[in-house]
Every structure is written in structure tokens, then in C-alpha cells.
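Data block below; observations after.
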Amino acid sequence: MNIGIDKIGFFTPHLYLDMKDLAQARNEDPNKYLIGIGQSKMAVIPPTQDVISMAANAADQILTAEDKEKIDMILFATESGVDNSKSGAVYLQRLLGFKNQVRVVEMKQACYAATAAIHFAHGHIAMNPDSKVLVIGADNARYGLKTKGEVTQGGGAAAMLISRNPRILSIQDDATFWAEDVMDFWRPLGHDEALVDGKYSTNVYLDFFKHVFDEYQAKTGFDISKFDALCFHLPYTKEGYKALKIAIEGADPTVAANLTREFENVRKYSNQIGNLYTGSLYLGFLSLLENANDLKAGMRIGLYSYGSGAQGEFYSGLLRPGFEKQIKHQAFQNVLDARQRLTVEEYEKVYNSRIKDEKTRMLDIESDPAKYVFAGVKDYQRQYLRK
């Protein structure tokens, strides 16, 4: 049975910060950010958006009434959860008008959880072929103002509809994975911002990629020439490029050149948004689909998922016949181009304005053009609205 990604959508808010402006404000050479990190812009998350509202805006783009009737499971992957008990998925169940006969679960393993959710969805559909599963990867990457990690912040939500006979990508039963208990990145209870050992985390990310990619080749007998593109989790786009160099080392020059060219398509959207945690890998996949002009049905796409703490996985998917009919070339780039550019001062004000540990506070939602918004809290109960 073919099971995989039938639809994919993405949302990020209407605000961004240019990395050249941030570099100037932080007395850094702009090329440290533009080239050294591989980022040109960073999404800025207003207080009226959080992982729930961003997930609703992403899912709303792709779901029909028929999809909602078929969906019997919502898997919400995030490491920016808004409640220690209540699942983000159940907020979506109401906001998007799903039936009550649906399982709602929130999943966590740093940036990896959306990949686990896809595999869980795959297994569920194998046992229930007529069902569909909504998988969400939504996060707000925060490291703090004037910190080393500031330049790799960002946020947004990826929404994927998983079904049999998918129209975009057929997920293959070939995954390899590797886990170790390490402290490269974490966010202790009560902390609003992540803690990270940057250089160590990069090394773990690359070491895990070597483990899973080597094991994948041994398991399947496929070498690098079997792939038409490789997608990576991109905490910043330069990190994915480092993994790509490991993958193509010793490869035929034509194969290496093709994969390097496609990686530019993979990283295009992440370069303009920043880190997305659970949604990062799948934004890269969407970016590939919308920006590459030489993809064909049957091509094999490799996907490397990584979540600090740490879990790594490599698996592949095959592009489905007619996949190009599901892709809106340039549409999302137009959304990115229409965003409002903030000054550093405005960005810092937005950064410090989010609700945190407040019993009651309502937000001004009029300046947020999104369809779904976070309107504030009443007696610690979060208020979400469809405008």
C-alpha cells in the first residue's frame, strides 16, 4: 500500500527581520550571518501568533470538508507547547471544525517529533486504509536577545495530510535511526528560551547523520547516486550544507553537482524564515517542490530528521505521478515577499511583548492579518479566534 504525504502547507507570520540590520545592531560583519550561518531573513512571531494559531493557519490552507470527515487523528509535534497537560491538537479540533470522533495527541522530541508523527500516521493508515491523519510541526524558536543563538531564531508551522495513495510523496519503509542522551540543546521547565551548546550541537547533528546514512546504505544497498535530492533539518541553512558535503564525499561529480544544486532549492525558504524546529525539514521539502524545475515522478528524495537531546533518522520517499499538480510554484515566495520588514528596535519590542505567566491579558488582534489568531488569556485559559 502506498502511504505518504497527500498535501502540504506552511504558515509563517507577516513580520520579518533582515539579517543585515541585525548584524549592524550587534556590531557584527553581515557576512557572518549571510554566509557563515546562511540566513538572510528571520521570521518574527507577534504576540498574536503561537504554535496553535500558526498550525491552524497552515492546516486551513490544505484541508477540505471531505478531508476533515476522513481525518480521525491529529498529531501535533512541537517543542514550543503552550500547556503542560492539554494537547495543542485538541485546540485545532475545535478551531478547524473537526468531528469529535478523532484522536488528538501532542508529541515531543525536540525538532524530530514531526517525523515520528509521520511514521505513526503511516502505521495507523496501514491498519485503517480509509482514514487520514493530520500531522503538524509548529514551533517558535527563541534563544534570547543579544545571544549567540539569536540569529537562528524563527518560527512557523508545517501541515501535512497523510493518506493512502498520496499525491505528493510515497514514504518508503527504509528508515534508519540513532538515539543518544546528550545535552546539546534543551529548555528546562520554566524557561521561555532554549539553552544550547552550539558547536557541540552541530557536531552531534553531523555525527548522527553519518550514523544513519551509513546504516541506511548498508540496509538498502543504495548509494548516493540513488537520490535525486536530499532534504535536511535546517536549524540554519549552513548546517544542512555541512551534512550534504558528508553525503556527497567521493560521489560521482555529476551526482554531487546535481544534489548541491537541488540543495539550493531545499534551503531557499528556510534562508528567509530561520529555524522552525519540528517544521524545518518539511519546509525544506516544500521549498524543493516549489523551487526545483526538474523534478519528476519516481524520483527518490532523502530526508534527514534531527532532534537535539538527541534523535536522528534518515528515510526516503518517492515522488508520486502528478505531484506537480499539487504544487503552487512561487505562491509561498509571494507570501514571504509581502511580509513587513521590522527595524531591530521594533523586533525587540515584539520579542518582549508575548504573554508569559499572566492570568488575564487580551491582545490587540487588529494588526495581525492572519485568519487564526491568539487573542490572549482569561483566567489562564488561552483564547483562539477565527477572524
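The values are calculated or read from the model by the stated rules, or taken from the named source; none is laboratory data. What you see is a predicted model; the values in this text were computed from it and never measured. Methodologically, a virtual Cβ is constructed for each residue, glycine included, from the backbone with ideal geometry; neighbour enumeration extends over all protein chains shown. Surface areas here come from the heavy atoms of the whole protein model, side chains and all, with no ligands, DNA or RNA. Shrake-Rupley method; radii C 1.70, N 1.55, O 1.52, S 1.80 Å.
Key figures for this structure:
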item	result
Cβ-placed point charges (K, R +1; D, E -1), dipole of the chain about Cα centre in debye, nearest 20	780
Most to least packed among 279-291, 144-156 [average Cβ atoms within 10 Å]	279-291, 144-156
Estimated Rh, region 242-387: Kirkwood, alpha-carbon pairs, angstrom	18.8
In nm, spacing of pseudo-spin labels at Asp130 and Tyr200 (7 Å Cα→C-beta vector)	5.2
Nearest-0.05 FRET efficiency for Glu66 and Asp337, computed from C-beta distance (R0 41 Å)	0.80
Fully extended contour minus Cα-Cα distance, from Val255 to Met183, at 0.36 nm per residue	22.4 nm
Theoretical ellipticity at 222 nm over the chain - DSSP helices of four or more residues, -39500 (n - 2.57) apiece, nearest 500	-10500 deg cm²/dmol
Whole-percent pair-distance distribution, where bins are 5 Å wide, for the alpha carbons of region 120-221	2, 9, 13, 14, 16, 18, 14, 10, 4, 1, 0
Antiparallel %, DSSP beta bridges [both residues in the chain], to 5	70
Gain on full stretching of the segment that runs from Ser367 to Leu385 - 0.36 nm per residue minus C-alpha separation	5.1 nm
R0 of 35 Å, Cβ-Cβ distance Lys219-Lys108: FRET efficiency to nearest 0.05	0.80
List Met1, Met362, ordered by accessible area with a 1.4 Å probe, largest first	Met1, Met362
Loop-located trypsin sites (Lys or Arg not before Pro) in region 276-362 whose Cβ has at most 13 other Cβ within 10 Å (DSSP)	Lys296, Lys328, Lys356, Lys359
Simple spin-label estimate for Lys296 and Lys32 in nanometres, 7 Å along Cα-Cβ	4.7
For region 226-265 and region 49-87, distance of Cα centres in Å	31
Cα-based shape type of region 195-267, given that a ≥ b ≥ c are square roots of the gyration tensor eigenvalues and the cut on a/c is 1.5	oblate
Matching label, Kirkwood radius over Cα pairs in Å computed from the structure shown, candidates [x] 20.9; [y] 29.7; [z] 22.0	[x]
Relative packing of 27-36, 255-264, 67-76, which averages over residues the other C-beta atoms within 10 Å, highest first	67-76, 255-264, 27-36
Probe 1.4 Å, accessible area per residue of region 273-341, Å²	33
Stretch gain in nm, segment Glu264-Lys356, where the contour uses 0.36 nm per residue and the Cα spacing is subtracted	29.4 nm
Fraction of alpha-carbon pairs over 15 Å apart in region 100-157 - percent	61
